[in-house]
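Okay, structure first, notes after.
The values are calculated or read from the model by the stated rules, or taken from the named source; none is laboratory data. This is a predicted model, so every value here is computed, not measured. All Cβ positions, glycine included, derive from the backbone under ideal geometry; neighbour counts span all protein chains shown.
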């Protein structure tokens with residue numbers, strides 16, 4: 001099992017090239033989110049919410065980003081040379097848990113948010 005920091009690094013590297021799935025384009029358009037805005041936000045900062053290493057279509061992750069102050073869930077499938085953007089949606093605020101901390105290591109509670117600075 002990968003450490004969360006390693007997963008975040010893998011995602012960050014894969015975001016240099018983002019390939020949009022058709023479903024993601026439709027969902028982004030229905031929520032009035034531009035592709036460039038979402039890509040910029042993903043490359044700048046995201047919070048890793050869930051990791052699905054055994055997804056039948058390949059490893060995938062659920063991340064949280066904010067666009068214009070609005071939370072957005074994004075499902076990504078990071079690969080070595082690129083990242084599939086599988087879907088994007090506004091989370092149901094009644095079901096969303098804002099506890100974005102994961103227990104781990106000797107340091108107790110650790111935040112797994114990624115602030116990605118510019119190009120690497």
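Computed quantities for the displayed model
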| item | result |
| --- | --- |
| Elements of type strands (runs of 3 or more DSSP E) in the stretch 1-109, at least 3 residues being loosely packed, with under 14 Cβ neighbours inside 10 Å and either at pLDDT 95 or above or touching a helix residue (DSSP H, G or I) at 6+ places or on another chain (Cβ under 7 Å) (or both) | none |
| Close pairs from the stretch 19-31: first within 10 Å of residue 86 (Cβ to Cβ), partner in a helix (DSSP H, G or I), Cβ under 7 Å, at least 6 apart | 20/35 |
